[in-house]
Amino acid sequence: MVVEKAASVIIIGAGVIGTSIAYHLAKLGCRDVIVLEKESTIGSGSTARAAGGVRHQFLNEVNVKLSVESIKFLEHFEDETGSVIDLRQHGYLFLACTELEMADLRQRVALQHKYGVEVHLLSPREAKKLIPALNTADVLGASYGPTDGRLDPYSLVQGYATAAIKLGVKIYTDTEVVAIRAKAQQVQGVSTGDEEIEAPIMVNTAGPYAGLVGKMVGLDIPVHPHKKHSFFTAPSDEIPRNAPLTIDLHRDVAVWREGRGVAFNGPDPSQTDGFDTTVDWSCLPKIAERVVQPFPFLANAGIMRAEAGLHPDTFDKSAILGDVPELKGLYLACGLNSQGIMHSPAVGRIMAEYITGIGSDPAISLLSLCRFKGGVLQKEWFSPGGEPEIKSG
């Protein structure tokens, strides 16, 4: 075996989490970092297909804290990195149609107020004032976070990557990790098929592929690649440019202004876990049936295009952060569900400090891998029908 490259840290995956960790490591002085990306461009996986939403409105404390820190960072991203990310804080609007959902919203808002987040409970009439096209016939209430919003995912990941490279980080694309080498319960390096790269520290930020990377060392990481479609309409002014991104909790759909038109997405329960990202047009009628209830004008909207991306989902819809006690030098920052964009600043800082030994944020213990083995789950989901089914393995 000939080792062709060596580093202090190898990061597997050059999406928004991998590049954020690389940048924060370099900021702390750990600049001998190599980031490996199997695709031909940085951020071309789940990051590229993200809607770019950022929000404070979460159900559990750890996610609210991650949001508070991250959004403050994103508000000053250009000052921090020199890159513009087009952050538009037009808000998030959550709609509740049942008493259970209203109770859920009240619980969320109380928690968010505890941490100083500006969020308001709205009546159906107040919600409709924000978006006149909204059908509030069965809406009981809503929550509105005016400092939530959206940004450009491509600019965000490129901003992290560019700033990291300036500090000495090396990023290699078209470089897929096919094996992880370990000896005496200590990681030693990776094989890419073409070469061997040596490092005593490795970070799995492989998004929906994190589970496959874990299997290389016999580790079960409960990250499930869940396919989700987004549909984009022809030009329409039914939703104002400054309207909040709207999530209907009851029907599990999201609607937002996208360019000159409107975009919407939602899960299709018939979709199984897997890595296929081709668009399945049979999903459109199922999602459209739900989305036209809150937004009737979409029944006559022309669909111009569609995208399918993979959500790296965990059982409790919260991230996996920290180390792996069974294998020294291996760290995990994966299973971000749909929260990678919005939580990337805090996750980057937390993981960089933990890896370098500077500090251990409470999020590390709360979001560790071991919580799935008898620990306390960090439940984070919308609950139109109560708690979701939690599947093993």
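The values are calculated or read from the model by the stated rules, or taken from the named source; none is laboratory data. A quick note: this is a predicted structure, and the numbers were derived from the prediction, not measured. Neighbour counts are summed over all protein chains in view; Cβ atoms, including those assigned to glycine, are modelled from backbone coordinates with ideal geometry.
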N265 versus (1) buried (at least 21 other Cβ atoms within 10 Å of the Cβ); (2) more than 24 Å from A48 (Cβ to Cβ): which is the lone unmet condition? (2)
Please verify whether A210 is outside any strand (DSSP E or B) and buried (at least 22 other Cβ atoms within 10 Å of the Cβ), treating the condition exactly as stated. yes
Search segment 20-43 for residues being touching a Phe, Trp or Tyr at 6+ places or on another chain (Cβ under 6 Å) and closer than 17 Å to E80 by Cβ, and hand back the single one that is surrounded by the most Cβ atoms within 10 Å (Cβ to Cβ). S20
Out of segment 113-132, which residues are surrounded by 19 or more Cβ atoms within 10 Å (Cβ to Cβ), over 25 Å from the mean Cα position of the chain (by Cα) and either closer than 15 Å to H90 by Cα or among the acidic types (D, E) (or both)? A127, L130, I131
When residues of segment 215-239 are limited to those that are assigned to a loop (DSSP other than H, G, I, E, B) and in contact with a helix residue (DSSP H, G or I) (Cβ under 9 Å, 6 or more places away or on another chain), the one farthest from Y144 (Cα to Cα): L219
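From the set of residues in segment 120-139 that are aliphatic (A, V, I, L, M) and either in a helix (DSSP H, G or I) or in contact (Cβ under 8 Å) with a residue 40 or more places away in the chain (or both), which is farthest from R241 (Cα to Cα)? Quick ask: steps written out before the conclusion?
Restricting attention to segment 120-139, the residues satisfying the condition of being aliphatic (A, V, I, L, M) are 121-122, 127, 130-131, 133-134, 137, 139.
Keeping just the survivors that are either in a helix (DSSP H, G or I) or in contact (Cβ under 8 Å) with a residue 40 or more places away in the chain (or both) gives 127, 130-131, 133-134, 139.
Working: A127: 16, L130: 11, I131: 10, A133: 13, L134: 15, V139: 23 Å.
Result: V139.
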Matching option when the condition is more than 19 Å from T356 (Cβ to Cβ) and surrounded by 15 or more Cβ atoms within 10 Å (Cβ to Cβ), among M202, M216: M216
Flag for K183 being surrounded by fewer than 17 Cβ atoms within 10 Å (Cβ to Cβ) and either more than 27 Å from the chain's Cα centre (by Cα) or touching a residue at least 12 places away in the same chain (Cβ under 8 Å) (or both): yes
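Conditions tested, residue by residue: (1) of a type in the set (F, W, Y); (2) under 23 Å from V84 (Cα atoms).
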site	(1), (2)
A142	no, no
A161	no, yes
Y172	yes, no
K183	no, no
A199	no, no
Condition check for T314: at pLDDT 95 or above and not small (G, A, S): no
When you scan segment 335-368, how many residues do you find that are free of Cβ contacts under 8 Å to residues at least 60 places away in the same chain, over 20 Å from V213 (Cα atoms) and in a loop (DSSP other than H, G, I, E, B)? 4
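Against the definition (assigned to a helix (DSSP H, G or I), aromatic (F, W, Y) and in contact (Cβ under 8 Å) with a residue 24 or more places away in the chain), how does F297 come out, yes or no?
yes
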